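*Asks:* Structure incoming, see below.
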Amino acid sequence: MTHSDDPLFSSPALVWRPRGLIRLACLLAITTALALSASATAAPKSQLIRIEVAPSPDDAIIRFRATPSGHLRVRITKRLIHLEQRRHGRIRPLTARKGYRRPKHRPTELRILLLKSSVLVQLVDPKRHRTLAHMNAKIPEGRPLVSLDGSATLLTRRHPCSTPLKKPGLDVWVHAETAYEGFKRVDKMATPSLFRTTLQNAYRAACAGNTLREPTASPPWRWKDADYRTYGDTITAWSDLSRTVLHPDQVRTLLQKWNKALPAQTRLETIGMSHERRPIVAMAISTGPQSSWQTKRSVFLNGAHHGNEPMSVSFVLDAAQRMLQGLRDNQPFATRALEHTVLWIVPVVNPDGLHRFLEVSSHLGRKNGRDHGPIKGPDRVDGVDLNRNYPFRWGALGNRGSKPWKSSVYYRGPAAASEPEVQSIMALARRERFDWALTYHSGTIALLYCYTIDGVKNPRPNPNEQSAARLIDGLPEHPQGKPWAIRSNLYAVDGTDQDWHYHTHGTLALLVEGARSTPRNAKRRQHLLDAVWPIAERLFDGTGLPTSLELSIIDDMGPAHDVYITVDNVTVAGERWAPRARDGRLHVWLPTAGETTVRIYRDEALLMRTSFHVPATGLRRVIRLTDTPQEPAEGSTP
C-alpha cells in the first residue's frame with residue numbers, strides 16, 4: 001500500500017508536499033519538537049544502584065562510572081570499604097577507606113546514589129535496616145557503567161524514586177536550590193541553600209529532578225551548630241565561652257583581645273606554623289614586671305592535639321579566662337597562684353585539624369593537615385596523629401600503639417617529631433621546662449598519668465599517679481553521667497606528649513579526658529567547664545601536687561645548662577633531666593618525703609653526688625658545682 005492509499009496520509013490536512021525552504025523549516029520544527037518531548041520524559045541525572053554482597057572472603061568490586069581515563073569503583077573487603085578511581089592503570093582513593101563490622105552468615109547491601117558530580121555510598125544490613133558504613137566524594141563526570149566482580153550481585157539499577165526505601169535511613173545534608181518534602185533548612189546564608197533530611201527523602205528529591213549538590217552524612221560542625229555560625233565572630237574579651245566552640249582564627253582573636261585588655265599580665269607569641277600555614281599561638285600569663293617572668297616556674301595547658309575534639313580548646317580557654325578575670329579583679333587566688341608562676345597556654349595545637357572538623361567534615365580533624373595525596377583537598381587519608389608523633393618511644397609498640405599506614409587515624413608520621421606542630425610544642429617545652437602540664441582531650445571521663453606507654457618502668461610509688469588521685473578526690477560525678485577514673489592509659493599507645501614531657505624534662509604531665517563528646521547545647525557545655533576546672537585549680541593552689549625538690553644548678557660561668565641529673569628511685573626509665581638554660585632551674589617530683597640522692601653529670605662524667613632530706617612540704621636548694629657538696633638544710637616550699 002502506498003502513502004496515497006493510507007487514510008492517514010491521504011487526509012488533505014496531513015498530505016506532506018513541501019519543497020525548498022518550507023521543507024527545511026518543517027524538518028527543524030519536527031526535530032525540535034522531538035527533542036523537547038524526549039527531554040520532558042527523560043530520566044533525571046541521578047541513579048540508585050543496589051548491590052547484594054555475599055558473606056565471602058573474596059573482595060567485591062563494583063564499577064559504577066566510566067571516565068575518559070578509567071573508571072570509578074567501590075571495593076569491599078572483609079572489614080573495609082574503599083571508594084576508588086582507576087586512572088591510567090593506577091588505583092587511587094577518592095576518599096579514605098572505612099571499617100565496618102560485617103554481619104555473620106548473611107549478605108549486606110551496597111547502595112550507590114550517583115549524582116552528576118558526587119556520589120553517596122551506603123553499606124547496610126538489609127535485615128536490620130542498619131547502616132554499617134557510609135562515605136561520599138566529589139567525582140568526575142562520565143558515562144553509566146555497572147560491572148561486578150567477586151561476591152557482588154546486581155539487585156536494581158534504577159532511578160531513586162523507583163526503588164523506595166522501607167526506612168528513612170541515616171540523616172544527610174545536601175545543598176539544593178529549593179526545599180523538597182522532608183527537607184529542613186539549616187543555613188539560610190549558604191548558596192545554594194543547605195538542608196538536612198533523610199536518605200529516603202534525598203532519593204526522592206533526586207528522582208524528581210531536583211539538583212542536589214555535595215550530599216554528605218558527615219557534615220562539618222558549622223552545619224550543626226547555629227551559635228557557631230553567628231556567635232563566634234562577635235566574641236569579646238570576657239564573653240561566655242560556653243556559648244559555642246571556636247575556630248582557630250577566633251581563638252587567636254580572643255587571645256589578642258585578652259592581651260589588649262591586660263597587656264601587663266599577658267604576652268602573646270606565635271611558636272610555629274602548621275602544615276597549612278596557620279599560626280600556632282601561645283600566651284603567657286603572670287603578675288609583676290615581665291622581665292621577672294624569666295626566673296619564675298612555668299606551667300602549661302594545651303588542647304586540640306586532635307582537632308575533632310573542640311571541647312578541649314574550651315577547657316584551656318576557660319581555665320585561662322578564670323585566671324585572667326581573677327587578675328583583673330585582684331582576686332587573692334589568682335594573684336597568689338601566679339605570683340611565682342607563669343601560666344603558658346596553647347589552646348589549639350592542631351589548627352588545621354580543628355579547621356577541618358569545624359568547616360569541612362566531622363570525619364576529619366583528628367590528624368593534622370599533612371597532605372599525603374593523591375586526593376585533592378582535605379580527606380581522611382591526610383594527616384598525622386600528633387599524639388603519636390612525639391619522639392619518646394615513637395612506634396615502640398609496632399602496630400599496637402600507633403599505625404604505620406597513612407590512611408589510619410592513628411598514623412604516627414614518617415618519623416619521630418616530623419610534624420611542625422609537635423616541633424613547636426617541644427621547642428616551647430625545652431625553653432620553659434614546665435613544672436606541670438595538662439593536656440586536654442575528649443572521648444571519655446578520665447585522668448591519665450605517666451607512663452602511658454606499656455613496658456616503660458615507673459617509679460614506685462609513682463608521683464604522677466599520686467597527683468592524679470589527689471586531683472579527682474572528692475570531685476562530684478561528671479555531668480555526662482560517668483565517674484572520674486585515673487588510669488595510665490585507655491589502650492595501647494606510644495609517642496604521646498605527656499610521656500615525652502615527663503621523660504625529657506621531669507614535668508608532672510597529665511592527660512585530662514574531660515568529656516565523652518562535645519555538646520551542641522551551651523548549658524551542657526557550661527556544666528562540662530565547671531566539672532573540669534577543679535583539676536587545674538588544685539594544681540594552681542598546690543593541693544594536687546606531690547612532694548617536690550626544686551634545684552638551681554650553677555657553676556663558675558653562671559647557670560649550668562650543659563649538665564643533667566638522675567635521682568635515685570625516681571629516674572628509673574633512663575631519664576636525664578637538664579636544668580633550664582637561662583637560670584639553671586630544675587624541678588623534681590618525688591614519690592615520698594625523706595632522703596633523696598641526686599647525681600649531676602656533664603658529658604657522661606659524674607660531677608657530683610649529693611643527698612637531701614626533703615620534707616613533705618618540699619625543698620628548694622642552690623647547688624654550686626665548684627663547691628664541695630654539703631648536706632643542705634630544709635628549705636621553703638616551692
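*Asks:* For the condition of a type in the set (Asp, Glu) and either modelled with pLDDT under 95 or touching a Phe, Trp or Tyr at 6+ places or on another chain (Cβ under 7 Å) (or both), what is the one hit in Asp379, Asp329?
*Replies:* Of Asp379, Asp329, the one residue that is of a type in the set (Asp, Glu) and either modelled with pLDDT under 95 or touching a Phe, Trp or Tyr at 6+ places or on another chain (Cβ under 7 Å) (or both) is Asp379.
*Asks:* Sticking with this structure for a sec: If the requirement is being open to solvent by less than 40 Å² (accessible area, probe 1.4 Å) and in contact with a helix residue (DSSP H, G or I) (Cβ under 7 Å, 6 or more places away or on another chain), which of these qualifies: Thr287, Thr236, Thr216?
*Replies:* Thr287
*Asks:* What single numbered condition from (1) assigned to a helix (DSSP H, G or I); (2) aromatic (Phe, Trp, Tyr); (3) surrounded by fewer than 17 Cβ atoms within 10 Å (Cβ to Cβ) fails to hold for Tyr502?
*Replies:* Answer for Tyr502: the failing condition is (3).
*Asks:* Answer yes if at least one residue in segment 601-621 is surrounded by 15 or more Cβ atoms within 10 Å (Cβ to Cβ) and either in contact with a helix residue (DSSP H, G or I) (Cβ under 7 Å, 6 or more places away or on another chain) or closer than 30 Å to Ile445 by Cβ (or both), and no otherwise.
*Replies:* No, segment 601-621 contains no residue that is surrounded by 15 or more Cβ atoms within 10 Å (Cβ to Cβ) and either in contact with a helix residue (DSSP H, G or I) (Cβ under 7 Å, 6 or more places away or on another chain) or closer than 30 Å to Ile445 by Cβ (or both).
*Asks:* Name the residue that is surrounded by the most Cβ atoms within 10 Å (Cβ to Cβ), counting only residues in segment 377-405 that are closer than 20 Å to Trp500 by Cβ and basic (Lys, Arg).
*Replies:* Arg388
*Asks:* Is it the case that Leu428 is within 25 Å of Gln321 (Cα to Cα) and hydrophobic (A, V, I, L, M, F, W, C)?
*Replies:* So Leu428 passes the test.
*Asks:* Only one of Trp223, Trp238 is of a type in the set (A, V, I, L, M, F, W, C) and at pLDDT 90 or above. Can you tell me which?
*Replies:* Trp238
*Asks:* Sticking with this structure for a sec: Suppose we keep only residues that are hydroxyl-bearing (Ser, Thr, Tyr) and free of Cβ contacts under 8 Å to residues at least 60 places away in the same chain within segment 249-284. Which one would you say is surrounded by the most Cβ atoms within 10 Å (Cβ to Cβ)?
*Replies:* Applying the filter and picking the extreme gives Thr266.
*Asks:* Follow-up. Taking interchain pairs and intrachain pairs at least six residues apart, which have beta carbon atoms under 7 angstrom, with the first residue in segment 565-583 and open to solvent by less than 10 Å² (accessible area, probe 1.4 Å) and the second among the aromatic types (Phe, Trp, Tyr) and not in a loop (DSSP other than H, G, I, E, B)?
*Replies:* Every condition considered, the pairs that remain are Ile565/Trp577; Trp577/Tyr564.
*Asks:* To continue, here is another question. Looking at (1) open to solvent by less than 30 Å² (accessible area, probe 1.4 Å); (2) among the hydroxyl-bearing types (Ser, Thr, Tyr); (3) at pLDDT below 95, which is the one condition that is false for Ser517?
*Replies:* (1)
*Asks:* Could you check, for segment 429-448, whether at least one of its residues is within 20 Å of the chain's Cα centre (by Cα) and farther than 25 Å from Pro310 by Cα?
*Replies:* Checked against the condition, which is being within 20 Å of the chain's Cα centre (by Cα) and farther than 25 Å from Pro310 by Cα, segment 429-448 yields no hits at all.
*Asks:* Report yes if Leu447 is among the hydrophobic types (A, V, I, L, M, F, W, C), in contact with a helix residue (DSSP H, G or I) (Cβ under 8 Å, 6 or more places away or on another chain) and over 26 Å from Asn569 (Cα atoms), otherwise no.
*Replies:* no
*Asks:* Looking only at segment 376-391, decide whether some residue is in contact with a Ser or Thr (Cβ under 8 Å, 6 or more places away or on another chain) and of a type in the set (A, V, I, L, M, F, W, C).
*Replies:* Within segment 376-391, one or more residues are in contact with a Ser or Thr (Cβ under 8 Å, 6 or more places away or on another chain) and of a type in the set (A, V, I, L, M, F, W, C).
*Asks:* I'd like the full set of residues that are in a helix (DSSP H, G or I), over 24 Å from Ala282 (Cβ atoms) and over 20 Å from the mean Cα position of the chain (by Cα), limited to segment 227-256.
*Replies:* Residues satisfying the conditions are Asp227, Thr230, Thr234.
*Asks:* Which of the residues that make up segment 526-552 are surrounded by 18 or more Cβ atoms within 10 Å (Cβ to Cβ), farther than 18 Å from Ala437 by Cα and either in contact with a Lys or Arg (Cβ under 8 Å, 6 or more places away or on another chain) or among the acidic types (Asp, Glu) (or both)?
*Replies:* Leu551, Ser552
*Asks:* Residue under question is Ser11, and the condition is that it be over 21 Å from Arg157 (Cα atoms), at pLDDT below 85 and open to solvent by less than 50 Å² (accessible area, probe 1.4 Å); does it hold?
*Replies:* Taking the combined requirement at face value, the residue satisfies it.
*Asks:* Let me ask another. Considering only segment 71-124, state which residues are part of a loop (DSSP other than H, G, I, E, B) and polar (S, T, N, Q).
*Replies:* Correct list: Thr77, Thr95, Ser117.
*Asks:* Got a sec? Which of Tyr203, Tyr180 is open to solvent by less than 30 Å² (accessible area, probe 1.4 Å), modelled with pLDDT under 85 and touching a helix residue (DSSP H, G or I) at 6+ places or on another chain (Cβ under 7 Å)?
*Replies:* Tyr203
*Asks:* Here's a check for you: in segment 476-505, which residue that is closer than 21 Å to Ile535 by Cβ and among the acidic types (Asp, Glu) is modelled with the lowest pLDDT?
*Replies:* Glu477
The values are calculated or read from the model by the stated rules, or taken from the named source; none is laboratory data. Since the structure is predicted, the reported quantities are computational estimates derived from the model, not experimental observations. Please note: Cβ atoms are built from the backbone with ideal geometry, for glycine as well, and neighbour counts cover all protein chains shown. All accessible areas refer to the heavy atoms of the entire protein, side chains included, with ligands and DNA or RNA removed. Shrake-Rupley method; radii C 1.70, N 1.55, O 1.52, S 1.80 Å.
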